[in-house]
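Participant: Input: one structure, supplied below.
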Amino acid sequence: MIPGKKMDYDTYRTMLTAMQSNYYTSYDTSNIPLTYLNYHHPFFTDVFETEPKDILLPKTNAHYRITKNNRSSSQTLLGLSTQESFLETSRYKSGRIYLLAVSLNTFDSNYPKHAVFVPGFYKMLFYRENMHGDYQTLSVDKSINVSVEKQYQYEQYKVLQAETSKEFFPQIVRHDLGINISIDENFKDAGIYYIVTEKDTQDIVALNYSRKESDLRTYSIQELDSIIDKNKMDVNVLISKEKAFSEAIQEKNNGKSLWKTFIILALLFAGIEVLLLRFWRI
């Protein structure tokens, strides 16, 4: 939710309350800086390489105040010095709601020109809790993120492999957005895995082998010769540009066939003999 310069508070309140979210209450023209960034939240995963120290956050010239509803599960991602939310998120069914306290007009704040603007909007667009239909890569990804409803948060989870019907209980780390399932030695084979409880299937994940197996790059002839010499390997490199590769291998195994050469030479000598008998008079 990105508010504009004019807002129908009643309409926004009705809609957001129905989704058990906080809502906008009034427009404050005070000049208030941002002093809080919730870098521990998964929303900021991969945004900062290290914990930010003395980071210069945006500042506001005006903002919309957001109420605090006790029924809401909202979490502040960016906060003002007045303990109000500048950017907050809450959960609704299988998705999330994001409330921004300012419009994208640069008069309200310098947020649209600030360094945290781009990663913040990128995360809002592509940060998904519900991973249905998603895929991950064996030996590359270390965990599966599964979004679960709060009532299922502490259920016993097991993983079922679709192709073999193999079942096992994985290592689970619980967090406010759901659970993380470690991809350990149980996940050996590529395929479809169902993540289930006693009541329902919570997620379906496809695990694939690394695409490096499909890398079509090859060594050059010089690199191959260097490897063979270095390792003293009994290997021959065949270069066949004018004939089929199978023919080159057969020739290498059986030796070079010279019968065609002999036939040509026989015909050539026969022709020379005919010419000599006809024109060379003794």
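The values are calculated or read from the model by the stated rules, or taken from the named source; none is laboratory data. Nothing here was measured: the structure is a model prediction, and the numbers come from that model. Reconstructed Cβ throughout: ideal geometry from the backbone, glycine too, with neighbour counts over all protein chains shown.
Participant: Being in contact with a strand residue (DSSP E or B) (Cβ under 6 Å, 6 or more places away or on another chain), modelled with pLDDT of 70 or more and surrounded by 13 or more Cβ atoms within 10 Å (Cβ to Cβ) narrows it down to one of Leu99, Leu104, so name that one.
Facilitator: One residue alone meets the criteria, Leu99.
Participant: Right, here's the next one. I need every pair where a residue in the stretch 261-280 that is surrounded by fewer than 10 Cβ atoms within 10 Å (Cβ to Cβ) has its Cβ under 7 Å from the Cβ of a residue that is part of a helix (DSSP H, G or I) and acidic (Asp, Glu), sequence separation at least 6 or different chains.
Facilitator: none
Participant: Does Tyr27 satisfy being farther than 18 Å from Ala115 by Cα, in a strand (DSSP E or B) and hydroxyl-bearing (Ser, Thr, Tyr)?
Facilitator: Yes, satisfied.
Participant: From the set of residues in the stretch 1-22 that are of a type in the set (Ser, Thr, Tyr) and touching a strand residue (DSSP E or B) at 6+ places or on another chain (Cβ under 7 Å), which is surrounded by the fewest Cβ atoms within 10 Å (Cβ to Cβ)?
Facilitator: Ranking the candidates gives Tyr9 first.
Participant: Scan Gln171, Gln156 and give me the residue that is over 19 Å from Leu138 (Cβ atoms), loosely packed, with under 13 Cβ neighbours inside 10 Å and at pLDDT 80 or above.
Facilitator: Result: Gln156 is the single residue among Gln171, Gln156 that is over 19 Å from Leu138 (Cβ atoms), loosely packed, with under 13 Cβ neighbours inside 10 Å and at pLDDT 80 or above.
Participant: Moving on. For the stretch 38-51, indicate whether the set of residues that are of a type outside the set (Asp, Glu), within 27 Å of Met7 (Cα to Cα) and modelled with pLDDT under 85 is non-empty.
Facilitator: Looking through the stretch 38-51, none of the residues is of a type outside the set (Asp, Glu), within 27 Å of Met7 (Cα to Cα) and modelled with pLDDT under 85.
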